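Data block below; observations after.
The values are calculated or read from the model by the stated rules, or taken from the named source; none is laboratory data. From a predicted model like this one, the values you see are computed outputs, not experimental measurements. Positions of Cβ are generated from backbone atoms using ideal geometry, with glycine treated the same way; all protein chains shown enter the neighbour counts.
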Amino acid sequence: MSDEVPPADEQFQYVYVRVANRIEAEIRSGRLPYGARLPNERALGAEYGVAPGTARRAVQELRDRGLVTTLPNKGTFVLRVRR
């Protein structure tokens with residue numbers, strides 16, 4: 001996400017929504033398959049060029065969308081979704 005310019009419609013979205021949308025696209029494309037573990041918040045933030053708190057909010061958004069589940073002290077995992 002670093003230096004790339006977001007599409008026009010993305011410029012009016014919260015950053016955490018943009019991050020969640022990109023992760024959702026990876027899940028739906030199969031690049032993040034069922035059962036895959038997401039990186040922790042710090043690593044996810046570094047990967048997408050955002051603060052850990054923003055990454056945390058993006059993961060919450062993905063949980064709200066029913067795409068991932070978080071198991072305390074285990075991590076966040078991709079759920080089975082329709083493509």
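Somewhere in region 4-12, is a residue part of a helix (DSSP H, G or I), at pLDDT 95 or above and not β-branched (Val, Ile, Thr)? Checked against the condition, which is being part of a helix (DSSP H, G or I), at pLDDT 95 or above and not β-branched (Val, Ile, Thr), region 4-12 yields no hits at all.
State yes or no: is Ile23 part of a helix (DSSP H, G or I), touching a strand residue (DSSP E or B) at 6+ places or on another chain (Cβ under 7 Å) and among the aliphatic types (A, V, I, L, M)? Taking the combined requirement at face value, the residue does not satisfy it.
Across region 37-80, the qualifying residues are those that are part of a loop (DSSP other than H, G, I, E, B) and within 10 Å of the chain's Cα centre (by Cα), and the one among them that is nearest to Ala25 (Cα to Cα) is Leu67.
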